[in-house]
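These notes concern the structure reproduced below.
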Amino acid sequence: MLTKTVLAKTAELEVRDVRCRSGRSSWSPREETTAHVVVFVRRGCFWRSVQGDESVLDSTVVYFSRPGEEQRIAHPCDGGDACTAIELSDDLLATVWGGEPGLPDLPAATTPRLDLEQRLLVSSVGRVDASEVTERVVSLVSSVLAERQPKRVAAGRPATAAARIRLIAAAREALAADPSLGLLELARQVAVSPHHLSRLFRAHTGETVTRYRRRLRVRLALERLAEGERSLARLAAELDFADQAHLARVVRSEAGSPPSHLRAAFLTAEGAQRRERRDSNPRPPA
């Protein structure tokens, strides 16, 4: 029995939890793959046959599915298996991989760091927004592909320190103008691969693009609250938070208090300032 649960989905990618509860089995019927998919095996062991080439897959490897391939699966033992499948659009894969979209032919070994990264990605879905999921996916997939062809993944990297500084400055300017920009849109604006923008941005600012844009949005929220904004739902929608609850979580994590408390504090402070101005400028007697 095969189950596929969509954990996260955007226009550019989809993250799925794929589980097979099959016992020992011989080769399944041929199945045509229709998308570019990077698959991490989290548990279990199985055989995969693609165009006649057979590979044994377990939790030490990542393998790749490409459109138009025909695959068959066989299970040599009981216990089933679990995988993380990351489907990428052609545009995103071309941006990450460099040049035409494509994936390697053969499975690759995963390092302990990459294995942990994909497991943390699965556990974080539902607790982070789409932009952070995208940034994590780009980082993970880029690292996997860089193990195979590092020069190809490095395409578009600024060559000099001065160029890298200008790049980060341009990225920060773009985010200041529009904090709703995600990693992919930001990378297109500054004409560099999202993988290297993410790496360089963190190296120069000490923060990921997602964390940086979140800080900008929280500061905009605080400014709006200080100016008297009453509707938290409107504030969440206009500042690109998923909903009011998401706004509350993020503001609390950044500022230490939920926006409802901060709104009350600003109103209290504003009232105190008004009383102070009134007391310092009493009305003349009639």
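Listing for the model above:
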| quantity | calculated |
| --- | --- |
| Residue satisfying condition, being surrounded by fewer than 16 Cβ atoms within 10 Å (Cβ to Cβ) and at pLDDT below 90, within set Ala169, Ala146, Ala159 | Ala159 |
| Residue that is under 14 Å from the mean Cα position of the chain (by Cα) and farther than 13 Å from Val37 by Cα, where the choices are Leu116, Leu121 | Leu121 |
| Residue list for the range 49-68, restricted to those being more than 19 Å from Leu140 (Cα to Cα) and surrounded by fewer than 16 Cβ atoms within 10 Å (Cβ to Cβ) | Gln51, Gly52, Asp53, Glu54, Ser55, Val56, Pro67, Gly68 |
| Evaluation of Ala221 against (1) under 22 Å from Arg252 (Cβ atoms); (2) modelled with pLDDT under 90 (one fails), failing number | (2) |
| Pairs with Cβ under 7 Å, 6+ apart, first in the range 52-74 and more than 21 Å from Leu93 (Cα to Cα), second of a type in the set (A, V, I, L, M, F, W, C) and part of a loop (DSSP other than H, G, I, E, B) | Arg72/Trp27; Ala74/Trp27 |
| Positions within the range 7-41 being touching a Pro at 6+ places or on another chain (Cβ under 7 Å) and surrounded by fewer than 17 Cβ atoms within 10 Å (Cβ to Cβ), in sequence order | Arg24, Thr33, Thr34, Ala35 |
| Among (1) under 29 Å from the mean Cα position of the chain (by Cα); (2) more than 20 Å from Val6 (Cβ to Cβ) - the single one Gly80 does not satisfy | (2) |
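Okay, residues lined up against (1) at pLDDT below 90; (2) more than 19 Å from Arg136 (Cβ to Cβ); (3) surrounded by fewer than 16 Cβ atoms within 10 Å (Cβ to Cβ); (4) among the acidic types (Asp, Glu):
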site: Glu185; (1), (2), (3), (4): no, no, yes, yes
site: Gly206; (1), (2), (3), (4): yes, no, yes, no
site: Thr210; (1), (2), (3), (4): yes, no, no, no
site: Glu229; (1), (2), (3), (4): yes, yes, no, yes
site: Ala248; (1), (2), (3), (4): no, yes, no, no
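The values are calculated or read from the model by the stated rules, or taken from the named source; none is laboratory data. Since the structure is predicted, the reported quantities are computational estimates derived from the model, not experimental observations. For neighbour counting, all protein chains shown are included, and Cβ atoms are generated from backbone atoms with ideal geometry for every residue, glycine included.
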